[in-house]
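Working notes, structure below.
What follows is calculated from the coordinates using simple rules that are stated; it is not laboratory data. In this text the structure is predicted, and so the values were computed from the model without any measurement. Reconstructed Cβ throughout: ideal geometry from the backbone, glycine too, with neighbour counts over all protein chains shown.
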Amino acid sequence: MASAPTDLLHPPTRPGRGTAWFYGLLAAAAALVVILPAWDSGRQLLLGTHHLRTPSYVVWAALQPLPSMYNFGNQVWISPTPLTDQQRDGGQTLPPEATTLWVNHYPTRMMTFGAQRAALIHQPRTMHYYLRSRFGGSQVDSYYILEPQGDEPSQPAVVVKRLPLQQRGQP
Amino acid sequence: MSAGPLPANAAELAPWPVNATQSVASPAAKGAAVATAPAELVRQAFKVALAFWLVGWLVKVHFFWPYFTWVCLDYPLVFDFFPAWAASPWVSLVAYLGPLVAGLAAMGSGSPRLWRWACWSLVVGSLVLCVHQNSYNDATFITSFWAALWILWLVTRGANYGEIARHGPLLAQAVISLMFLGGAVGKLTPDYWDGTAFYHIYFQQKANFIYPWLRTHLNDGTLLTLAAAFSRAVIVGEFAVAALACFASRQTLLLSIAVMFAVVAISTSFLFSVMGCLIGVAFAGVRLTRLNEASA
């Protein structure tokens, strides 16, 4: 480690390569965080990352390091039977076994993470997951079903499938 | 914990004046000089940042350990969105354990070479967990990734103390501000501005801290009003911390630390897994301002 006192007394005016690279990375991330929500397509893309439905995994993974804690208004409906738009919008009461809640981010976490995931295995029937996220004037709704894989009882697994959701304003 | 590689030559200690009344050879003078030597300050900054990073991962180990070693292994999800490696429970387990082992080894080591290897494992491990089916939703790994990048930057500067002094605190503040910027921008939606989201997530659904008490003592209308005020304060506060990057200094870093501790206090102690690494970076940045003060 070679160092001279002048190093501190007269620090270089230009950052080194690694420092410049780090500044650039931070600036790029901040720019994406600010610029992407300016367009509806950008908002749809960001909402899509929280629903695991970006055009590809690579696009999703590239956006993952962007900080998005407590982003968007996220609601989840979980039911052993399919739900109608009216039931999810509050126009009709939910079936007794259905639940709904708000989550801080990534509503898909209710399928893939933590205690909910372990509980899935002990759920012997297909479960229906409806996700809704709003950001500014944009909204993304997703519909997943989780089916127990019954052909290998020694190695239980749950198959996650995203299905099209016919709804107003839904592509 | 062993001591780091302190500079042996007097030239590196020169920018820090030693009390003229003390003999240079006296143990007290030597101790004072060593305590403020640039290499020692950098070592301290590295160790404090790494310690908080590790505590952030360990604070939820009671959850992550059974999750990664039992739930993910025994209860697989078949989800074609993720490639096989990003759904493998073994990958997530190694990505979680690897940085912990390497980080703990670096904490007890004085070898800059080991520090660099450990920091690479922190960066790679947290990045893998950011994009893995088993862990993508946990903000712990996003903040850990950016904090690990900052620590890696620090330990790869070598003896360029001028560069560390000039850019270390600013980059530390920039990392913290970026995290808050992401949080603030994503709340620019009616569900947060009118308080609906926090009303449900905190005031209706949370079972810890003050929220159960509020539910039993306040009516829905009051809770919603409170949630709206809380939500707007959070948004403004997050933008304020994001803006601190423009005024990075010891004071802004200390303010950021206070804000982050407050965020943990009003949510749940588990949130320390998200904030801990950032708090560590802030403390390290504060430590590095000593380099700036000395060279001013």
(message) Report the gain in length on full extension from B:Ala233 to B:Trp85: 0.36 nm times residue separation, minus Cα-Cα distance, nm rounded to one decimal.
(response) 49.2 nm
(message) Could you tell me the calculated FRET efficiency between A:Gln86 and B:Leu254, based on Cβ-Cβ distance and R0 = 56 angstrom, to the nearest 0.05?
(response) 0.60
(request) Mark the label point 7 Å from the Cα of A:Arg17 along Cα→Cβ and return the residues of segment B:161-203 whose backbone N is within less than 20 Å of it. (result) B:161-164, B:167-168
(message) Going 7 Å from the Cα of A:Ser41 along its beta-carbon direction, which residues of segment A:102-141 have the amide nitrogen within less than 17 Å of the resulting point?
(response) A:138-139
(request) Would you work out if segment B:86-197 is rounded, prolate or oblate? Take a ≥ b ≥ c from the square roots of the eigenvalues of the alpha-carbon gyration tensor; rounded if a/c is under 1.5, else prolate when a/b is larger than b/c, oblate otherwise. (result) oblate
(message) Need the C-alpha centroid separation for segment A:27-55 versus segment A:112-144, integer Å.
(response) 21
(message) For the pair A:Thr99/B:Trp120, report the inter-label distance in nm, with labels modelled 7 Å from Cα in the Cβ direction.
(response) 4.4
(message) Based on alpha-carbon centroids, what's the gap between segment B:187-202 and segment B:136-165 in Å, whole number please?
(response) 32
(request) Could you work out the mean count of beta carbons from other protein chains within 10 Å of each residue's beta carbon in B:68-81? (result) 6
(request) Using R₀ = 35 Å, calculate the FRET efficiency as 1/(1 + (r/R₀)^6) where r is the Cβ-Cβ separation of B:Ala243 and B:Asn208; round to 0.05. (result) 0.70
(message) Quick check: the angle from helix B:89-107's long axis to the longest principal axis of chain B, C-alpha only, nearest 10 degrees?
(response) 30
(request) Within 10 Å of each Cβ in peptide A:45-53, how many partner chain Cβ atoms are there on average? Round it to a whole number, please. (result) 2
(message) For peptide B:189-201, what's the mean number of Cβ atoms from other chains within 10 Å of each residue's Cβ?
(response) 5
(message) Helix-only mean residue ellipticity at 222 nm, the protein assembly as shown, DSSP H runs n ≥ 4 weighted -39,500 (n - 2.57), per residue, nearest 500. What is it?
(response) -17000 deg cm²/dmol
(request) Take the alpha carbon gyration tensor of chain B, find the square roots of its eigenvalues, order them as a ≥ b ≥ c, and report rounded if a/c is under 1.5; if not, report prolate when a/b exceeds b/c, else oblate. (result) oblate
(message) Output the 0 to 90 degree angle, nearest 10, between the alpha-carbon long axis of helix B:27-36 and the longest principal axis computed from the alpha carbons of chain B.
(response) 50
(message) Quick check on the exposure proxy: order A:Arg132, A:Arg17 from fewest to most C-beta atoms within 10 angstrom.
(response) A:Arg17, A:Arg132
(request) Counting other beta carbons within 10 Å of each Cβ, put B:Lys187, A:Lys161, B:Lys60 in order, fewest first. (result) A:Lys161, B:Lys60, B:Lys187
(message) Can you give me the angle between helix B:161-185 and the longest principal axis of chain B, using Cα atoms only, in degrees from 0 to 90, rounded to the nearest 10?
(response) 10
(request) Binning at 10 Å from 0, report for the protein assembly as shown what percent of all alpha-carbon pair distances ends up in each bin. (result) 4, 19, 28, 24, 14, 7, 3, 1, 0
